[in-house]
Amino acid sequence: MNRWSLNGEWELYYVPQKDSELSHPAQLAGSGARRLTARVPGNVELDMHEAGLIDDPYTGDTVKKLEIYELYEWWYVREFDTPQEPGSKQLVFHGVDCIATYWLNGVELGRSDNMLIAHTFEVDGLLSKDGPNRLAVRLQSPIYEAMRYDYDPSMWAMDYNWSQLWIRKAAHGFGWDIMPRAVSAGLWREVELIVRDDVEIMTPYIYTKRLEGTAALIGMQYNLKADPAWFREMTLRLVGVCGDSRFEHRCSVNFSSGHIDLRIDDARLWWPRGYGEAHLYELHTELLHGDTVIAARSDTFGVRTVELLHSAVTSTDEGGEFLFKVNDEPIFCKGSNWVPADMYHSRDKSRIPRMLDLFAEMNCNIVRIWGGGVYEDHDFFERCDREGLMVWQDFAFACALYPQTELFYEKVRQEARFIVRKLRNHPSLILWCGDNEIDMFSFHRQIDPGLNRISREVLPAIVAQCDPHRAYLASSPYVSEEVWRRRNLALLPEDHLWGPRDYYKSSYYTASQMHFVSEIGYHGCPSVESIERFIAPEHRWPWQHNEQWALHGSDPMALGGCWSYRTELMANQIKEVFGEIPDTLDDFAIASQISQAEAKKFFVEMVRLRKWRRTGIVWWNMIDGWPQFSDAVVDYYFDKKLAFHYLQRVHQDVCIMIDEPSDWHVRAVVSNDTLADRAGSYRIRDADSGETLLEGEFVAAANGNADLGRVRVSHSEQRMFLIEWTIDGETYHNHYLLGFPGFSLERYKGWMKQLTLPEGAAGRRREAHGGSESEAGVEAIQEKRPVVGQGN
């Protein structure tokens, strides 16, 4: 199989759809439609900005001005030569946004209406033999498309999102509290012409059946394209290698599909980060006719078993659980939610490697791909496979009640079947989840979540059909029949802890009975330096009644929208910690970053201190997909907020933490998230006096917690304790903030000087520390972006 890229320059025509009389690409010439040069992969807004037709969509209020283009249609056109080699030929569009019609040499190939999956067209007999081929794609308005459907009383969406209910397009693009409204269009992933061989080994399905001591039993289903006259004359030969572990297997071929059982003695297992090496096997498969190799392929797989143990309810009296086990070992999960890499998804590919660097640097062992975005490509999962980063994959449904009709169910089946078959061989993928929060939205609208046939019937049926050896969860959080019967969300074993978002140590957080937190967040202001890149000078301060702060908050209406409260929320969270809201931008930014950092550190500690009653936390979120004020700990420009550094400390495999006061004391605890006992020494001292409060040697048992001792305290004190420990010659740090708010911002700044933080942490200006991490390696297209208000 050979691939011919059709990426690069295309012609792009556009016109308001209501004024368009275009029905065929031959009509484009002389039609009056505007024309410009486009890039594929791309988004139309980026091409318009490159051509100087619009301002930078990421800055100021430009994105709001682009809403008029939601009602346009767009025509992509290019020419290419036919490859002169034998084999059947296919055109593959890996990502098309979204309501598309395709023509090759004037002949309509077909139509598609799903941004989230690839679309393939057989083109044998349609390619030109003499001259260039002319390929055209029309993208029509998803808003007009959405208006063609009926909307039943069982359906519901947030204020800006009704138009996305029928449209299989990344939901965040219609406006979200983490992304702007950017109902874009474009060929956002690669386009290629594939020439297929007459004989092929198709992508196999490989899974771990079970472990037996040091051996592993592996199952593999294969599918072949070959002449059936050769059945029983053909042989499959498999060779798998991982380091010094090797296996071989041969079997006869009796049909185009079949199943093979393999045994690997002394198998190298795939482990999540911290629990062992993420071993991967390279599998080379050959198809032989007699002694001649007629087809071959190489694949990568991991040997591991995964279980999700979860109960229908949990409570202090009844007990319960929500626990991942890998290779029969319980795994304590620490990680972050994955939000869209960019508001324009053609930029995803260039940003994702650096984004995943952050997860590795943070020592995350799990990432949850939130259901309001897109399905990431193989390069994302291959990196997770290598890093031991477990992936919780939501299907692309979020925060809405979708159509419950056979027409929509069939759309969902096609999408899910494609995605499951595409991603199912990645060992990092541990869970398919039906959606994000739809059970909760249904519950709050007094509709039984069990009536959602998408998550209860359609999706689990596809998973059972195409990936029967991987866990499925109907929704996150999942509202079981028993939770619904009792009408009590306090019984959820796994939960999203948002609530009032008040003081981060309030009872809303600390009294929750959940076992697993899959969303929890707290606002943190970007650095002043980053704010200056996306907010115009006249809008940078004050924050009150500020259109651009609200728009980058992210509310599509700016002031007056349903999410415009978020700027005031960020300010009030500062006040919760410091008793007042700073009156300068510099102090506002640092105070906000401190409140966020202390909150998120506390959230991880409150879960980790109660291991195994609590089994994991996936906080919201690592990095922004556009420049904004948000819960992210790294802003769009890759500038790390203070919370990144605090979280990095409490994500360490072995961490010493201090619990909240009880009985005149605080308790010091060492937590070990590895499969080996760890020994070391520690010291806890007062940041003001330097007095040693507790010190000694410790042995932390594998995968457990151990008490180190207690320190006498009083609730009336406001103190910072500095924690230091050494294991195998390497020293680690953490701290604990004692007392009730409000704290003095100036006193806290003094404490920070003793925290051995990296240079430039906590939103300081670049000139204060000689450079920012956001300068290094930012994509060239970002570097061209001007500072708002300073021209192009």
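The values are calculated or read from the model by the stated rules, or taken from the named source; none is laboratory data. If you're wondering where the values come from, they're calculated on a predicted model, not measured in any experiment. Note that each Cβ is placed from the backbone with ideal geometry, even for glycine, and that neighbours are counted across all protein chains shown. Accessible surface is based on the protein model in full, side chains and every heavy atom, while ligands, DNA and RNA are left aside. Shrake-Rupley method; radii C 1.70, N 1.55, O 1.52, S 1.80 Å.
What is the percent carbon and sulfur in the accessible area of segment 116-205, measuring with a 1.4 Å probe over the protein chains and ignoring ligands?
Values: 1550 of 3210 Å².
For segment 116-205, the apolar C and S fraction of the accessible surface comes to 48 percent.
To make sure I understand the rule: partners must be lysines, Cα under 28 Å from the Cα of LYS611, and not fewer than 8 residues away in the same chain. Which ones qualify?
Straight-distance partners of LYS611: LYS325, LYS334, LYS505, LYS600, LYS601, LYS641.
With only alpha-carbon pairs counted, each pair once and no self-pairs, how large is the Kirkwood hydrodynamic radius of segment 529-632 in angstroms?
Evaluated over segment 529-632, this radius sits at 15.0 Å.
According to the square roots a ≥ b ≥ c of the eigenvalues of the Cα gyration tensor, what is the shape class of segment 166-238, taking rounded for a/c under 1.5, prolate for a/b larger than b/c otherwise, and oblate for the remainder? Numbers along the way, then the final one.
Numbers: a/c = 4.37, a/b = 1.68, b/c = 2.60.
It is oblate, given that a/c is not under 1.5 and a/b is not larger than b/c.
Counting Lys +1, Arg +1, Asp -1, Glu -1, what net charge surrounds VAL483 among other residues with beta carbon under 13 Å of its beta carbon?
Combined, the nearby Lys, Arg, Asp and Glu give -4.
If each Cα of segment 413-555 is one equal point scatterer, what is log10 of I(q)/I(0) from the Debye formula at q = 0.15, 0.16, 0.17, 0.22 Å⁻¹?
One equal scatterer on each Cα of segment 413-555 leads to -0.92, -0.96, -1.00, -1.23.
Roughly how many Å² of LYS65 are accessible to a 1.4 Å probe, to the nearest 10?
Solvent-accessible area, nearest 10 Å²: 120 Å².
Using r as the Cβ-Cβ distance of ASN223 and GLU482, and R0 as 35 Å, what FRET efficiency do you calculate, to the nearest 0.05?
0.25
Show SER662, SER592 ordered by accessible area, largest first, where the area counts protein heavy atoms only and the probe is 1.4 Å.
SER662, SER592
Does segment 261-365 come out rounded, prolate or oblate by the C-alpha gyration tensor, with a ≥ b ≥ c the root eigenvalues, rounded set by a/c under 1.5 and, if not, prolate when a/b is larger than b/c and oblate if not?
Note, shape of segment 261-365 comes out oblate.
If r is the Cβ-Cβ distance from GLU457 to THR292 and R0 is 56 Å, what FRET efficiency results, to the nearest 0.05?
0.75
So if I place +1 on the C-beta of Lys and Arg and -1 on the C-beta of Asp and Glu, and nothing else carries charge, what would the dipole magnitude of the chain be about its Cα centre? I want it in debye, nearest 20. Mind dumping the intermediate values first?
Values: 84 positive and 117 negative charges, 135 e Å.
Using only the charged Cβ atoms, the result is roughly 640 debye.
How big is the Rg/Rh ratio for segment 282-438, C-alpha atoms only, Rh by Kirkwood, two decimals?
1.03
Figure the gain on full extension for ASP150 and LYS18 (residue separation times 0.36 nm, minus the Cα-Cα span) and round it to one decimal in nm.
Gain in length upon complete extension: 45.4 nm.
Hey, what's the Cα Rg ratio for segment 1-105 versus the globular rule of thumb, 2.2 N^0.38 Å?
Compared with the compact-globule rule of thumb, segment 1-105 sits at 1.23.
Between the DSSP loop rule and a limit of at most 10 other Cβ atoms within 10 Å, which trypsin sites (Lys or Arg not before Pro) in segment 139-182 are left?
Details: sites: ARG148, ARG168, LYS169, ARG181; in loops: ARG148, LYS169.
When the trypsin sites (Lys or Arg not before Pro) of segment 139-182 are filtered for loop state and at most 10 Cβ neighbours within 10 Å, ARG148 remain.
If each DSSP helix of 4+ residues adds -39,500 (n - 2.57) and the sum is divided by the residues in the chain, what number results at 222 nm, nearest 500 deg cm²/dmol? Display every interim value, and only then the final one.
Numbers: 18 runs with 157 residues, N = 792.
Mean residue ellipticity, 222 nm, calculated: -5500 deg cm²/dmol.
Would you mind telling me the antiparallel percentage of the DSSP bridges in segment 356-475, rounded to 5?
Roughly 0 percent of the beta bridges in segment 356-475 run antiparallel, per DSSP.
Among ALA29, LEU451, PRO758, which residue has its Cα furthest toward the positive end of the charge dipole of the chain, with +1 on Lys/Arg Cβ and -1 on Asp/Glu Cβ?
It is LEU451.
Can you give me the Cα centroid spacing of segment 20-84 and segment 186-238 in angstrom?
If you average the Cα positions of each part, the centres end up 39 Å apart.
Kindly express, to the nearest 10 degrees and within the range 0 to 90, the angle between helix 348-361's C-alpha long axis and the longest C-alpha principal axis of the chain.
It works out to around 30 degrees.
Choose one of HIS249, TRP338, PHE588: the residue whose Cα lies farthest towards the positive end of the charge dipole of the chain (beta-carbon charges +1 Lys, Arg; -1 Asp, Glu; about the Cα centre).
Going by the charge dipole, the pick is HIS249.
Compute the long axis of helix 585-608 from its Cα atoms, compare it with the longest principal axis of the Cα atoms of the chain, and write down the angle in degrees, 0 to 90, nearest 10.
90 degrees
For segment 500-525 and segment 255-271, what is the separation of their C-alpha centers, rounded to whole Å?
43 Å
Near LYS89, which lysines are there with a Cα under 30 Å away, not counting those fewer than 8 places off in the same chain?
Within reach: LYS129, LYS169, LYS225, LYS349, LYS411, LYS422.
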